[in-house]
Amino acid sequence: MNKKLISVGIIALMAGRMLADEGSWADSLEIKGDLRLRHEMIDDDSKDDTRNRQRVRARIGAYADVNEAVSAGIRVASGSEDPVSTNQSFDDAFSSKGLQLDKAYIDWHLMEALVLTGGKMGKPFVCVSDLIWDGDLNPEGLAAVFDLKGETATLTVQGGYFWIDEISGGDDRMLYTGQLALNMRASDGVSVLAGGSVYYYANMKDYPVVVDVEDSFGNTAAEGADGLVYVNEFEEVEGFIQLKTKAGEMPVKVYGQYVVNGDADDQDTGYLAGVGLGKAKDPGTFEVGYNFRSLEKDAVVGAFTDSDFSGGGTNGEGHKISGKYAIAKNWTLGATYFMNQKDPDGSDVDYKRLQIDLACKF
């Protein structure tokens, strides 16, 4: 923790020096952050007791234009080394909570339509839900995004090259991504987004499971020399669609998603359908949402999908209901309720989870 505090102090001193240098790139420097307090109740029928806990998430980042063609960002967040959670629970006798490097990237704007990004970045691909990717996950590597914009439509082409594990003396574990997405807009505020993606993992089968060698997060695994190993490779192909419109002045969106792992022989499919109404932005406004999903054991890499639904990972199905109210500017109260089944084709364990969030942005 002392090293982390020293690093934060150095960054603060550098920022102060740059701010004092009139005309420097610090003129474009933005500091943005958010803080969320959460009460969470988990009722898992495979456990003896219902769990209640209080959690906090804190994130703060600095973003700036280096020059006309290059921009950069750094963000630190609460949490641990878990790639799909930035939460910290209130426990361990008032102990200090850890900070992690959550983002560190450089954007190179080669032209108005083409951006190359390197580092630990936000997801560069279009995501209409968290069926495949948890909202907190930030991949590490290189990505290119090309946006061809017209008057009524935008075509987005994305390609990525990401490192999962660097393996000394062996082949690195990699993720290669590609995506096409077309966003078509009508003059009355209606838009339709549709596209497809390929997420191809290299060196997963017979390699140790990622994140925790004792937990496959729902994926089919076998015992290896040093823990669990994957039985399948993952060659995920995704299709998605999203419609945005208005009911009066109320924003409405309807969306769907389908994914299949081309390498698995069975238990290889996932799908989701959802709807959202409203937007909790201005004081007094609200939003509500609902989706149903089914995610079979080997449809996607379990360690990277939504960490809340059915307790995290794959091999679950069920409902997610959410709502949020804007109490004041940048200040919201929200609730999310999960009604799920873990292992729906086997033990069919009921899993319920309630989250109540008080959040602010600055």
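The values are calculated or read from the model by the stated rules, or taken from the named source; none is laboratory data. Treat the numbers as computed from the prediction; the structure is a model and nothing was measured. Glycine also receives a Cβ, built like all others from the backbone with ideal geometry; neighbour counts cover every protein chain displayed.
Results, tabulated for the structure shown:
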item: Looking only at segment 189-200, and only at residues there that are of a type outside the set (A, V, I, L, M) and surrounded by fewer than 19 Cβ atoms within 10 Å (Cβ to Cβ), the one that is modelled with the lowest pLDDT; result: Gly189
item: Residues that are among the β-branched types (Val, Ile, Thr), within 18 Å of Tyr176 (Cα to Cα) and in a strand (DSSP E or B), drawn from segment 103-137; result: Val115, Thr117
item: Residues (more than 23 Å from the chain's Cα centre (by Cα), surrounded by 15 or more Cβ atoms within 10 Å (Cβ to Cβ) and assigned to a loop (DSSP other than H, G, I, E, B)) located in segment 231-265; result: Val231, Asn232, Asp263, Ala264
item: Residue tally, condition of a type in the set (S, T, N, Q) and surrounded by fewer than 21 Cβ atoms within 10 Å (Cβ to Cβ), over segment 204-226; result: 1
item: Selected residue [free of Cβ contacts under 8 Å to residues at least 24 places away in the same chain and charged (D, E, K, R)] from Asp49, Asp43; result: Asp49
item: Residue list for segment 341-360, filter: more than 21 Å from the chain's Cα centre (by Cα) and of a type in the set (A, V, I, L, M); result: Val349
item: Selected residue (criterion: farthest from Glu233 (Cα to Cα)) from residues of segment 168-183 that are surrounded by 13 or more Cβ atoms within 10 Å (Cβ to Cβ) and out of contact with any Leu (no Cβ under 9 Å at 6 or more places or on another chain); result: Gln179
item: Subset of segment 117-168 [of a type in the set (Gly, Ala, Ser), over 17 Å from the mean Cα position of the chain (by Cα) and farther than 16 Å from Ser197 by Cβ]; result: Gly118, Gly150, Ala153, Ser168
item: Lone unmet requirement of (1) at pLDDT 95 or above; (2) within 30 Å of Glu249 (Cβ to Cβ); (3) not aromatic (Phe, Trp, Tyr) for Asn203; result: (2)
item: Strands (runs of 3 or more DSSP E) wholly inside segment 138-230 that include at least 1 residues being in contact (Cβ under 8 Å) with a residue 24 or more places away in the chain; result: 140-149, 153-165, 173-185, 191-202, 227-230
item: Leading residue by the ranking (farthest from Lys342 (Cα to Cα)) among those in segment 48-81 that are modelled with pLDDT of 95 or more and among the charged types (D, E, K, R); result: Asp65
item: Qualifying residue in segment 86-96 (condition: touching a residue at least 40 places away in the same chain (Cβ under 8 Å), crowded, with 17+ Cβ neighbours inside 10 Å and part of a loop (DSSP other than H, G, I, E, B)); result: yes
